[in-house]
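Here the structure comes first, spelled out in structure tokens, and everything after it is commentary.
The values are calculated or read from the model by the stated rules, or taken from the named source; none is laboratory data. This one's a predicted model, so the numbers in the text were calculated from it and none came from an experiment. Every residue, glycine as well, gets a Cβ built from its backbone with ideal geometry; the counts of neighbours run over all protein chains shown.
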Amino acid sequence: MSDFNARRWAVMTAVAGTVFIAAGAFWLSFTSPADLAARSGIGAGQAWAWPLIVDGVIVVSTVAVVALAGARAAWYPWTLLAGAAAVSVTANSIHAVVAADADVPSLLAAAVAAVPPLVLLAITHLTVLLIRIPERPEAARKTTTQTSPQESAVALRTEGWSNKRIARELSVHPSTVGRWFANNPLDQERTLRPHPQRRTRRN
């Protein structure tokens, strides 16, 4: 078995374990807020939806945080994740204080009840990270042989494209294209030569 296949099996085993743990954490984190919602006046037939919404936001936001890693928009799922986690922990803790036996200290009951939502948060993030398996070495080598954005920019510039048009084509900022040419005088000199198709005719 190759190192890649061994790593793949290890990741699959870890993912199976995290899914199992997440299911238990979700169930424990689900029942307490559902009972709290019912105690707060929400009908018994609808109380289950309240924790489903809160914990669902945790799961979806965690996936979005990983998917948008490094992007400017990542702040939004991070905000949703923090808010949903705070609501879930608070709801579980309040329910524990309300429903705990009289001989159990409130602080202890709240601490125990806060564990499931925190585990759900952590294990969901871990599961998403594990699913992102690195590509095979062969695929990585093929990627390195592809044309770089700078080379593509030079090729487009020789065809008479402007910096703004090149930036739109390569999904970068126009200032980035300008820096590419400024940092490569040879490429800049080559792109400034008149294109054969653009030479004007003399009568």
Of all residues in the range 14-25 being modelled with pLDDT of 85 or more and not small (Gly, Ala, Ser), which is surrounded by the most Cβ atoms within 10 Å (Cβ to Cβ)? 21
Test residue 73 against the criterion of being modelled with pLDDT under 85 and loosely packed, with under 14 Cβ neighbours inside 10 Å, and give yes or no. no
Considering each residue of the range 26-55, count those that are surrounded by 14 or more Cβ atoms within 10 Å (Cβ to Cβ) and in a loop (DSSP other than H, G, I, E, B), and give that number. 3
Could you check the range 162-203 and list, in sequence order, the residues that are at pLDDT below 80, surrounded by 10 or more Cβ atoms within 10 Å (Cβ to Cβ) and farther than 18 Å from residue 148 by Cβ? 189, 192, 195
